[in-house]
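These notes concern the structure reproduced below.
Bear in mind these aren't lab numbers, they're just calculated from the coordinates by the rules spelled out. Keep in mind the model is a prediction, meaning the values are calculated, not measured. Every residue, glycine as well, gets a Cβ built from its backbone with ideal geometry; the counts of neighbours run over all protein chains shown.
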């Protein structure tokens, strides 16, 4: 059982020599044991490998980042456009499309594709994010050409057979039933609608049972035609591969992928008016805990204050020692973990803080989270606290680059948002440059209390009345009355089921 | 099973195809996976020290593994070893509560810990200029733990929330938490690592002091250091900070219970108010992980059954028959008797019996019918690749060493299991499955959704 919610991987730092101190002899007794921790030597510096970029004649962008050492390579094909492209009544279409790629392609059946890629030691993973769809695999270097061959087949020539669509729909609906039975997962889904409203980021990216059931083969084919094309794609290769090898491998597997004449589809607007109550309580009778989620709208990825937001989030809830976990777990024992993240997307963004707590503690946790959001804009962060949280942020950024898969993900994030790839090496200086004054200003601008969106999912009999007392506008909804297909989350016909108390 | 520290993947140095990446088809050649060159020594007070030098990154992973786990929970105190793990981050004689976070997170590192049935491990990754600091801090909490009542109670509340999160609020938490209690009749493995709210509430500060005195001692611990360090400097610092800690005169208590061979098949039912779909889990007893002649073929059998979409259980239950939403098989090797586990979460409209029948059919088929060589090669390549992924980080290498040393019984397993995996044959898979699974008795757990109230699940009333 982990003490913390996550195990974090280690950082990549530039090699430095240890400063050897004089050899010590073993101490004879406890009395000789130092009462204070030994001071560290000089701090090492982070070094980040440089991405190389090329573009094939058909418009496919090829990015490679070399890390020799172990014979491993991660290959990711990333397409602009993901869940944001789902049509209004077809939530989950982009994700289902990505999932179906490997379920029959280029004359191979789904079992044949699985057997082929797994014989190479990898597995194809495909999913849609909000702004991108991606399919990828990690294999040992000698298996890379074959793995890329399979990657190209599933991305370029998927069958989308009726039988596989039906199977994928049934599985997706059961997946949804599983994830919606988790209080924080359901609360996070609801708060997305609350923040993004009718915008393209507001719906359930993995769909709803009803929307998944509505999807037809034509819908899948149409989305595939629109997004899966070379002039909309980025091939990322990280690990034991040179730029020259990357270029040739890409040419071999994707060079004859024809660019269609049709223009690329326009990108939708991410955020629009919301019809969800600012404080929504969802009764999941019998829930073992309450999931508390508090969210705010945030600027998009390319906002000039992006790094201020990243550092502000590090202070608020980005790690174990950040404020939310300090107040909720460490000081009060109210949760196994409280955290926040800043999701900066192409056209808008969201701050999302979450904690699970025993049902009767939900009202207290709501107030603590709201209080910490407010605090960020009303009092300046101290220099010590800021330095510590920046160090944590930089350390975990280094961690994320240590594996080939992590490196591919970071590079993909930059590429999909059109950020210059050299930024991968400038993260540290950008983080270090953020000042307490900037954070205060940022929080005052983006995190004012009026913009808070709260969703609590749990056994409402144990917290509904208390939250309603503190927030008379809070609305209680039975989980059975929740309509994930409605932009208000409440079916108009069943308005009588809504009880405010 | 879900949260517990899991066995690391088996190692393999398989014959692969050469790195001539640009001229397919590839020429056949050896791709050798370098063995982990670790250094081992034992201090006079019994502390085992394992180290692996690697200067690719100037970071260092420091891990303390203790031979104590939930099997050592005091009587009536299930979950205590895990609660204790949390308390090791509270105050010591020379450190205030959470100072470990100041020495790790605040300087760009990280820390965590986990408790299993057999071991408790504490692990940090820090910029390598903090190695000396962390060695001091680990020695400090081994020798000078000093938790107060306030921190004890507040951290116990955190652990109770962890219980609620992993067992009560996770729709399948109650199922996985029920596996050990129903699978063992005598051995203390029958206690779930997370314990129960009642037993956690019964724990006292005196229990903490006694537990530390009993199990947290140099001759019951292994220090693992992996990454960027100077070996001579490391030895000197280890001697300096750990060498003085006395070895108690008393012996470390050992679990003596012997789990008897099962005499008949057993069946239990567990219900859940929140699980949307039923599930079924079946377990069999397997020998200790140290018995690698059997435990490695069992790992291969589990991988044949459940690793990836091309695996036998996925193809049968999820793909062809579509009776299951998720399937899994695991050879959960432990210091004592372990478990071979197969499970399925049902697809909508199907009952556990349908999945149970197919699980048995696939296992019997695997245990008795020829296994294509390509399929055996496939799982070996899968296991090798996941091992390589783990070895990308100093921390991953340290975990592999800890597993080999404390669970598998000897650090050398980190390298020898490579060859052993490569040599696993169809006969080996048949032999172990026939001996421990189809030729032995099972425990079956049906997991059934059950509405929380008398109202039907579909038509819950709005008002309460």
Whole-number value, in Å³ per residue, for the convex hull of the alpha carbons of segment B:46-153 is 114 Å³
Just the Cα atoms of segment B:154-244, one point each, no solvent: what log10 I(q)/I(0) does Debye give at q = 0.10, 0.18 Å⁻¹? -0.49, -0.95
Label zone at residue B:255, where the point sits 7 Å out along the Cα-to-Cβ direction: segment B:279-308 residues whose backbone N lies under 16 Å: B:284-291
P(r) of chain A over all Cα-Cα pairs, binned every 20 Å from zero, in whole percent: 21, 51, 25, 3, 0
Could you tell me which of rounded, prolate or oblate describes segment B:322-464, using a ≥ b ≥ c as the square roots of the eigenvalues of the alpha-carbon gyration tensor, with rounded for a/c under 1.5 and, failing that, prolate when a/b is larger than b/c and oblate otherwise? prolate
Would you calculate the separation in nanometres between label points at residue A:251 and residue A:435, each defined as 7 Å from the Cα along the Cα-to-beta-carbon direction? 5.1 nm
What residues from segment B:123-155 fall in the zone where the backbone N is under 15 Å from a label point 7 Å along the Cα-to-C-beta line of residue B:55? B:128-129
Run lengths n ≥ 4 of DSSP H only: what is the helix-derived mean residue ellipticity at 222 nm for chain A, with -39500 (n - 2.57) per run over all residues, to the nearest 500? -11000 deg cm²/dmol
Rounded to two decimals, the Debye log10 I(q)/I(0) of segment A:279-498 (Cα scatterers, no solvent) at q = 0.09, 0.11 Å⁻¹ is -0.41, -0.61
Can you give the relative contact order of chain A as a percent, counting alpha carbon pairs under 8 Å and 6+ residues apart? 21 percent
Gain in span if fully extended, residue B:291 to residue B:37, counting 0.36 nm per residue against the direct Cα distance: 89.1 nm
If you average the alpha carbon positions of segment A:199-228 and of segment A:231-262, how far apart do those two centres end up, in angstrom? 27 Å
At q = 0.12, 0.18 Å⁻¹, what log₁₀ I(q)/I(0) does a Debye calculation on the Cα points of segment A:52-254 give, no solvent, two decimals? -0.63, -1.21
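Please work out the FRET efficiency for the pair residue A:175 and residue A:222, using the Cβ-Cβ distance as r and a Förster radius of 22 Å; give the result to the nearest 0.05. Let's see the in-between values first.
Working: r = 23 Å, r/R0 = 1.06.
According to the calculation, E is roughly 0.40.
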Over segment A:156-240, what is the relative contact order in whole percent, taking alpha-carbon pairs under 8 Å and six or more residues apart? 36 percent
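Quote the relative contact order of segment A:52-254 in percent (integer), defining contacts as alpha-carbon pairs under 8 Å separated by 6+ residues.
Relative contact order, segment A:52-254: 40 percent.
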Which of the peptides A:96-103, B:185-192 is most tightly packed, and how do the rest follow, going by the mean number of other Cβ atoms within 10 Å of each residue? A:96-103, B:185-192
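Sorting B:212, B:55 on the 10 Å Cβ count, fewest up front, what's the list?
B:55, B:212
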Take the Cβ-Cβ distance between residue B:412 and residue A:55 as r, set R0 to 51 Å, and report the resulting FRET efficiency rounded to the nearest 0.05. 0.55
Plugging the Cβ-Cβ distance of residue A:31 and residue A:166 into 1/(1 + (r/R0)^6) at R0 = 56 Å yields, to the nearest 0.05, a FRET efficiency of 0.15
In whole angstrom, how far apart do the alpha carbon centroids of segment A:368-428 and segment A:102-165 sit? 32 Å
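Would you calculate the volume per residue, in Å³, of the smallest convex hull containing every Cα atom of the protein assembly as shown?
Residue-normalised Cα hull volume stands at 156 Å³.
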Per residue of B:342-350, how many C-beta atoms from partner chains lie within 10 Å of its own C-beta, taken as a mean? 2
Two-decimal ratio, chain B, of alpha-carbon radius of gyration to 2.2 N^0.38 Å: 1.03
What ratio of Cα Rg to 2.2 N^0.38 Å holds for segment A:239-366? 1.56
Let me know the mean shielding of A:30-42 by other chains, meaning the per-residue number of their Cβ atoms within 10 Å of its Cβ. 6
The percentage of Cα-Cα pairs in segment A:345-396 separated by more than 17 Å is 61 percent
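Please give the length that would be gained between residue A:258 and residue A:382 if that part of the chain were fully extended, namely 0.36 nm times their separation in residues minus their C-alpha to C-alpha distance (nm, one decimal).
The residue A:258-residue A:382 span can extend by a further 39.1 nm.
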Mind checking the mean number of beta-carbon atoms from other chains within 10 Å of the Cβ atoms in A:395-401? 4
Please report the spacing between the Cα centers of segment A:329-352 and segment B:49-101 in Å, no decimals. 27 Å
